[in-house]
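Visitor: Encoded as structure tokens, here's the structure I'll be asking about.
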Amino acid sequence: MICPNCGAQNRDDAKFCKACGTPFKPLPPGSGDSLATVAGPTSTETKSSMAIGLEAVFLSGLRKGERVAITTFPATIGRDPNSTLPLALQDQLASTRHAQIAREGSDYLLRDVGSSNGTYHNGHRVTEVRLKHEDIIEFGVGGPKIRFDFIRAEAKPSATAAGRFEDATPPPPPALLPKPLDVTISRKPAASSDVVPPAVSPDIETVIGSSAPVASAAPPPPLLPPLPPLPPPPAPFDPSTAVQESYAPPPGGMPPAPYDAPASVSPSVMPSAPPEAAGNKSRLILFIAIGVVGLLVLLFVAAVAAYLILLR
């Protein structure tokens, strides 16, 4: 039995189409067969789901296993990358522009648009075919095979069908009420406010959750003894006193008469620079003089070289 709505093949004793769910209209009594080969008219009670597009499932070729939804028509098929359903460029058996799918009402019509190797529908070469659910199209002998499935939008049942469905549905069993529980509320006498809590020693603290007493915190350690006072600062340096102490008379007494000891030394007299510092200064002056002489020699040589170059 063929469904006139979607074209799917069904069993002869089927009451509904396995593809779109359209109910089949039974024949009147005495007509022989129990079911007609055509579907009954669409009523307001039940509406079959309508196809809103096609889903292309690649069964062979380089894109085997891929699924592509087609919802815009007309749709082109070929190796052209801009096609609605592009085939792999390596599938040389298919043409660049191989076929086209157009929508006519609720039907989908596939046409061959002049391909080189032809279009095959379920093994037979065709130039135009009306697609059915799960039809297999081969683009060229040995070329890629694609199965076309209908994409359907489920329609909501009408109010009459919904009412009949609700009538046929048995009511749910009543919910079991929970068994009442016997609860006894008792009150304990409040503790007397005249009871004095036991005194707690200040040296012992009780830890919550443990019956063992814990000793109170240890007293802080004694403070360190104070530091001794700092020694007094040294006296300021006096050059006159130092010079006088360095030239103090010997313990044996005054020197003999021919020797005239200096009465005092002026504090402004300072010792001269050591001879080593004077030598370093002389060497520095010598190095500077040698450097100046060398620089003059270089300038002279450069001037001579420049003059010779100009003469050439």
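Visitor: Looking at Glu55 and the list (1) over 16 Å from Phe139 (Cα atoms); (2) surrounded by 13 or more Cβ atoms within 10 Å (Cβ to Cβ); (3) without any contact (Cβ under 8 Å) to a residue 40 or more places away in the chain, which single condition is not satisfied?
Guide: The one condition Glu55 does not meet is (3).
Visitor: Follow-up question, since we're still on this one. Do any strands (runs of 3 or more DSSP E) lying entirely in region 86-152 carry at least 1 residues that are surrounded by fewer than 20 Cβ atoms within 10 Å (Cβ to Cβ) and hydrophobic (A, V, I, L, M, F, W, C), and which ones are they? It would help to see each step written out before you state the result.
Guide: Details: elements: 99-104, 107-112, 119-121, 124-126, 128-130, 135-139.
In region 86-152, the matching strands (runs of 3 or more DSSP E) lie at 99-104, 107-112, 124-126, 128-130, 135-139.
Visitor: Which members of region 88-105 meet the condition of being out of contact with any Lys or Arg (no Cβ under 8 Å at 6 or more places or on another chain) and over 21 Å from Val57 (Cβ atoms)?
Guide: Answer for region 88-105, where residues must be out of contact with any Lys or Arg (no Cβ under 8 Å at 6 or more places or on another chain) and over 21 Å from Val57 (Cβ atoms): Gln92, Arg97, Glu104, Gly105.
Visitor: Among the residues of region 62-71, is there at least one that is exposed (fewer than 15 other Cβ atoms within 10 Å of the Cβ) and more than 30 Å from Cys17 (Cα to Cα)?
Guide: Checked against the condition, which is being exposed (fewer than 15 other Cβ atoms within 10 Å of the Cβ) and more than 30 Å from Cys17 (Cα to Cα), region 62-71 yields at least one hit.
Values in this text are rule-based calculations from the coordinates and carry no lab data. Predicted, not measured: the structure shown is a model, and the values here were computed from it. Cβ coordinates were reconstructed from backbone atoms using ideal geometry, including for glycine residues, and neighbour counts include every protein chain displayed.
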